[in-house]
Amino acid sequence: MAVAETKLGELGIVLGGEQVETGETYEVRSPFDGAVVALVHRAGPAEVERAIAGAVAAFETTRRLPSWQREDVLKKIAQGLAARRDELAEVIALEAGKPIKIARLEVDRAAFTFTVAAEESKRIYGEIVPLDWLPGNENRVAHVRRVPLGPIAGISPFNFPLNLVAHKVAPALAAGNPILLRPASQTPVSSLMLARIVLEAGWPEDAIAVLPSSTDVAQPLVEDDRIKLLTFTGSPAVGWRLKRRAGRKRVTLELGGNAAVIVNGDADVEYAAERVAWGGFVYSGQTCISVQRVLVHEDVYEAFAADLVRRVGDLKLGDPLDEATDVGPVIDAESSDRIRDWVEDARAAGADVLTGGEREGTLWQPTVLANVRHNLRVSCDEVFAPLVCLSSFNDVQAAIDEAGRSEFGLQGGLFTNDMRVVEAAFDRIDVGGLNVNDVSTFRIDHMPYGGVKSSGLGREGLRYAIEEMTEQKLLTFNNRPEG
């Protein structure tokens, strides 16, 4: 196919401050209609080695950058993202199938992520520790300082091709670390554009690389000891396997979930239905904290279900470039087929389809299921689809236990004004975060974010990611008196 026939053209990898064409290309296709939107070059073993060696050398520069200079670069990146908002949003809509109005919000969030990182780059504090706790240690004191780790490797998913990349790049730069990125093969263009903005902002050329590549070629990013931290967002199966191969380097993992939301009998039912209609279906449910299981008190179940079904039925399914579209395609045909299989399994096991349940290619109708057995894949695994499962309860304490009965533990939601219920849920639902009077899907980019159990290891959120990407280093003083 001629490059002129693609919407976004031909793009090389970003390496050594330049766009490098390696000669091996692949097609990036629209999840909506299968059209080729870009031709992207793949990095080979030589390019990956060059990137790692360049990052090691660049660390001698980045580790010494003063905080004002890191802040300046990060602010310029945020400004660059804001200036190219519409262009980047179109790229996200084309390569990820994200509705254009939601894609614009992702660009806004990415700009905010870099803005917060700019602020946090000035707040990488240490502490003074007195050491005179035992006789003979008079006049001793220690300084504890945070220092950058070194080259970081980031592997990012398709679902937030700009902002989840920002959550790896921004804290790395704020801490003074080089970063090498391997973006999702379905959505590399956003990362390549971001890297150009980073370089235009004045970041050292060898201190960032974007390396679309095969899994085999990318192995050194995981296994090479010159990389000091691996940050991965993706599936639990892949994430935990990478951790086993990572050797001595630090690893942070942001993995999957099958989030539960409890709607208690004292909840604002209309508001809860409004939020679930957003949190279960935004970007076709393809977020790790998408609402999947909704447990509703029997006193309000019928009212909640009717309100939710009405709202879900009003969502417009279609072309992600259409301003009216609320729900676009899932990422590919394989995902669409998997969702079909899981829905058919649920139907065969007696589940009721309250709305949706059908598809056209990669376009899945927003779907609400009821009476779903807890051991079915659509309930106990991560569905990653525009689909929620409803069930009722008569004892909120039992509902809390059911919400926590999952191998995943990323975020949860709870609608209630009863603080006793809030405290019980916080104590017994094993998740990284619990949102009260909101859905699991709520996230603002500076809050600590991450999971437990199969859902991950470590935390994102700028200040917390910077802590992961720095090391505490101790300096002690023996202030001996003169004479």
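Could you please state, rounded to a whole Å, how far the C-alpha centre of the stretch 421-448 is from the C-alpha centre of the stretch 70-143? After rounding, the separation between the Cα centres reads 23 Å. Radius of gyration over Kirkwood radius for the stretch 402-447, both on Cα atoms: the Rg/Rh ratio is 0.95. Beta bridges from DSSP with both residues in the chain: antiparallel share about 45 percent, rounded to the nearest 5.
At a threshold of 8 angstrom on Cα-Cα distance, excluding pairs fewer than six apart, so keeping six or more, what relative contact order does the stretch 78-208 reach in percent?
25 percent
When the trypsin sites (Lys or Arg not before Pro) in the stretch 204-257 are filtered for DSSP coil states and for at most 11 other beta-carbon atoms within 10 Å of their beta-carbon, the remaining sites are R248. Determine the shape class of the stretch 62-183: with a ≥ b ≥ c the square roots of the Cα gyration tensor eigenvalues, call it rounded for a/c under 1.5, and otherwise prolate if a/b is greater than b/c, oblate otherwise. Here the stretch 62-183 falls in the prolate category. Counting only residues at least eight positions apart within a chain, or on another chain, the lysines with an alpha carbon under 23 Å from that of K249 are K168, K228, K453, K473.
Remark: relative contact order (the chain) = 17 percent; criterion is Cα-Cα distance under 8 angstrom and separation of 6 or more residues. The alpha carbons of the stretch 200-291 stretch over 55, 36, 22 Å along the principal axes, in descending order.
From largest to smallest, what semi-axes in whole angstrom does the stretch 314-385 give when each is the square root of 5 times an eigenvalue of its alpha carbon gyration tensor?
Here the semi-axes work out to 23, 13, 9 Å.
Peptides 325-332, 167-174 ordered by packing proxy, namely the average of other Cβ atoms within 10 Å per residue, highest first: 167-174, 325-332.
Accessible surface computed residue by residue for the stretch 155-230, with neighbouring protein chains in place and a 1.4 Å probe, gives 22 Å² per residue. Just the protein heavy atoms count here, and of the accessible area of the stretch 37-166 at 1.4 Å, carbon and sulfur take up 56 percent.
Under a 5 Å amide H cut-off, with hydrogens placed 1.01 Å from N, E24 pairs with R42 among residues at least 5 apart or on other chains. Restricting the stretch 232-314 to GluC sites (Glu not before Pro) that sit in a DSSP loop and have at most 16 other Cβ atoms within 10 Å of their own Cβ leaves E298. Within the accessible area of the stretch 279-434, the carbon and sulfur atoms contribute 45%, probe 1.4 Å, all protein chains present.
Normalised per residue, the accessible area of the stretch 405-483 is 52 Å², obtained with a 1.4 Å probe and no contribution from ligands, DNA or RNA.
Across all Cα pairs in the chain, the calculated P(r) in 20 Å bins from zero up to the longest distance comes to 24, 52, 22, 3, 0 percent per bin.
Could you work out how far helix 236-245 tilts from the main Cα principal axis of the chain, as a 0 to 90 degree angle to the nearest 10? The two axes meet at around 20 degrees.
Restricting the chymotrypsin sites (Phe, Trp or Tyr not before Pro) of the stretch 113-167 to loop positions (DSSP other than H, G, I, E, B) with no more than 12 neighbouring Cβ atoms within 10 Å leaves Y125, W133.
What is the stretch 262-387 by shape, rounded, prolate or oblate, if you read a ≥ b ≥ c off the alpha carbon gyration tensor as root eigenvalues and call it rounded for a/c under 1.5, prolate for a/b larger than b/c, and oblate otherwise? Here the stretch 262-387 falls in the oblate category.
The mean sequence distance of close C-alpha pairs (under 8 Å, at least 6 residues apart), as a share of the length of the stretch 396-483, puts its relative contact order at 26 percent. Karplus-derived 3J(HN,Hα) values for the stretch 271-281, using 6.51 cos²θ - 1.76 cosθ + 1.60 with θ = phi - 60°, are 5, 4, 5, 4, 6, 5, 5, 7, x, x, 10 Hz; glycine and proline are entered as x.
The values are calculated or read from the model by the stated rules, or taken from the named source; none is laboratory data. Quantities reported herein were computed from a predicted structural model and do not represent experimental measurements. Ideal geometry is used to build each Cβ from the backbone, glycine not excepted, and the neighbour counts take in all protein chains shown. Only protein heavy atoms, including side chains, enter the accessible area calculation; ligands, DNA and RNA are left aside. Shrake-Rupley method; radii C 1.70, N 1.55, O 1.52, S 1.80 Å.
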